[in-house]
Amino acid sequence: MFSWVSKDARRKKEPELFQTVAEGLRQLYSQKLLPLEEHYRFHEFHSPALEDADFDNKPMVLLVGQYSTGKTTFIRHLIEQDFPGMRIGPEPTTDSFIAVMHGPTEGVVPVSSGSCSRRFMCAQLPNPVLDSISIIDTPGILSGEKQRISRGYDFAAVLEWFAERVDRIILLFDAHKLDISDEFSEVIKALKNHEDKIRVVLNKADQIETQQLMRVYGALMWSLGKIINTPEVVRVYIGSFWSHPLLIPDNRKLFEAEEQDLFKDIQSLPRNAALRKLNDLIKRARLAKVHAYIISSLKKEMPNVFGKESKKKELVNNLGEIYAKIEREHQISPGDFPSLRKMQELLQTQDFTKFQALKPKLLDTVDDMLANDIARLMVMVRQEESQMPSQVVKGGAFEGTMNGPFGHGYGEGAGEGIDDIEWVVGKDKPTYDEIFYTLSPVNGKITGANAKKEMVKSKLPNTVLGKIWKLADVDKDGLLDDEEFALANHLIKVKLEGHELPTDLPPHLIPPSKRRLE
């Protein structure tokens, strides 16, 4: 449907496993499933035909939520930089679907989608996070009186199209505005059959007290339970996903753990991309089979000459009985059937006389694909996934969860400096020294645990403090001496004043004693 970038750009440096599975699925779809879809006009009822991009795209994350829940800010938090086309505000600001993707230069790429092009845009930028995933920002879901404003297109249907193709769907809620509007309910219902991809984020949670937060969390779980019909409770992550200091830091440890869990989930997407594409094709094949049974059943019931219109109305009204009959005769799970109400609406405008009768050969081909071809690909994916190195999303806020006492690892070394450049931290070092010597230094250095106790007083989130630790621990020994501690405090000050942290230390920030470190 949308060709944002070239195939080479989409799959830059992709793993061999992904290429193999993508090519296998492409061939299976075009040779075995597509003929069934075309014969029974599947694309007019459910979803357009799959294109090469649907098999080749890197993993995608879809963000959905009411306006002002922090979708755009969440993306900025992940990639740690602005992206073209982003707008942030308390009222509805994003009126387009924005695909945030990796590209050699920063800019907006036109979307080739016919009449819908003004609703879609692709923001490209060279960012390490986007090397592994793409992120889709969506228009804010309306609530209250704003729901009456017509968008001019079927918003839920577009989200359903995306849901079929993305790897993760993140529903964002504002801890202050928990009401689930009618439009939001319709959107969540449109995501049926993709519940395994859904994660929920209760955002801006640092702005309410603990007792109120517990009530809000309980209310959200109750509301979601009425809409999302799954055996397992949907996973809800609680936190404030931006780089500002926490307003109420009482639940800091909870927010840290929740953020790390969510980041691990997102980081796993590249490794699981091949399996996700397999599962999505299986879902599509099952729906296509059911659709074929429905269309052929309607065709069979139509009279040859007189009374066609009255019979059509009767069949549409009794579609539920046809569903039940197909379910019994072919032993099909109720969950594989499309929405009854939506199918009835779509059938109103169709000419039943043009429907095709049942063609067992087409169905047998799809059954063979599911039973044998898909099964072989699944075995190959399972075997090779266990042998391939762990492939995760890197860069951006993910780096801040992997450094020193703020994560579970250490980053690369800092940049090199020039001996005669003035160290700008030096003028404030005496003030920082006073604090340093209250933290029980041993052999002139303090531990990560002691440094963390002081650094968290800034109320900055762990992703930011982890990045500061990575920059300040210049010699990468897991400890801070007085110069490194002063540097850490200087970087905290820089961030609190609203400035961005450097990716690597510029010469004027490298402590004098560390400037000869390689």
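The values are calculated or read from the model by the stated rules, or taken from the named source; none is laboratory data. Source: prediction; values computed, not measured. Every residue, glycine among them, receives a Cβ derived from its backbone with ideal geometry; neighbour counts consider all protein chains shown.
Report every pair of residues separated by at least 6 positions or lying on different chains whose Cβ atoms are under 6 Å apart, first residue within the stretch 209-238 and acidic (Asp, Glu), second at pLDDT below 80.
none
If I filter the stretch 440-453 down to residues being in contact (Cβ under 8 Å) with a residue 24 or more places away in the chain and surrounded by 15 or more Cβ atoms within 10 Å (Cβ to Cβ), which single residue comes out as nearest to the chain's Cα centre (by Cα)?
First, the residues of the stretch 440-453 that are in contact (Cβ under 8 Å) with a residue 24 or more places away in the chain: 441, 444-449, 451-452.
Applying the additional criterion that residues be surrounded by 15 or more Cβ atoms within 10 Å (Cβ to Cβ) yields 441, 445-448, 451-452.
Working: PRO441: 43, LYS445: 41, ILE446: 39, THR447: 36, GLY448: 32, ALA451: 33, LYS452: 30 Å.
Looking at the filtered set, the residue picked out is LYS452.
Filter the stretch 34-48 down to the residues that are exposed (fewer than 15 other Cβ atoms within 10 Å of the Cβ) and among the charged types (D, E, K, R) and list them by number.
GLU38, GLU44
Which of the residues belonging to the stretch 495-518 are over 21 Å from LEU439 (Cβ atoms) and under 34 Å from the mean Cα position of the chain (by Cα)?
Scanning the stretch 495-518 gives GLU497, GLY498, HIS499, GLU500, LEU501, PRO502, THR503, ASP504, LEU505, PRO506.
Taking the stretch 18-49 on its own, how many of its residues are assigned to a loop (DSSP other than H, G, I, E, B) and closer than 20 Å to ASP368 by Cα?
1
Every residue in the stretch 454-476 that is among the basic types (Lys, Arg) and surrounded by fewer than 19 Cβ atoms within 10 Å (Cβ to Cβ), please.
The answer is LYS457, LYS459, LYS476.
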